[in-house]
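Visitor: Below is the structure I would like to discuss, written out as structure tokens.
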Amino acid sequence: MSNSVPEPDFEARGHTFRAVFKPGERKEMNLTERQEKAVLYVRQQGGQITRRQYERELGVSSRTANRDLNDLVAKGVLSQRGTGPQAAYILASREPTGGGA
């Protein structure tokens, strides 16, 4: 079973954001606005985010960050690398194929 999600196009206009999947590839991900912003952040900032970055960038508590990140992993949008405070979350479609950290 693959956790890979088709790479959408992201559009940000003013206070709105949306992920646009190509025809035939659309999957209902049911992401919150906060999660969509996090995915955009990951794409713009080198492909990964930590829980602390999520907290800082989205202005949420540690508990909310953990819940959102775990939900993104469960939906196959992100993959977790490592554990604890140093865990990094990367786009599932951008996982390194070579030797890892």
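Quick note: the coordinates plus some simple rules give every number you see, no bench work behind them. All values reported here derive from a predicted model rather than from experimental measurement.
Visitor: Collect residues whose amide H, placed 1.01 Å from N in the peptide plane, falls under 5 Å from the amide H of Leu78; neighbours closer than 5 in sequence don't count.
Guide: It is Val73, Ala92, by chain and number.
Visitor: If you plug each phi of segment 34-43 into the Karplus form 6.51 cos²θ - 1.76 cosθ + 1.60 with θ = phi - 60°, what whole-Hz ³J(HN,Hα) values come out, in order, with x for Gly and Pro?
Guide: Per-residue couplings from phi come out as 4, 5, 4, 4, 5, 5, 4, 4, 4, 4 Hz.
Visitor: Once the piece of chain linking Arg56 and Thr32 is laid out straight, how much longer is it, given 0.36 nm per residue of separation minus the C-alpha distance between them? Working shown, then result.
Guide: On the way: separation 24, 0.36 × 24 = 8.64 nm, distance 1.72 nm.
Result: 6.9 nm gained on full extension.
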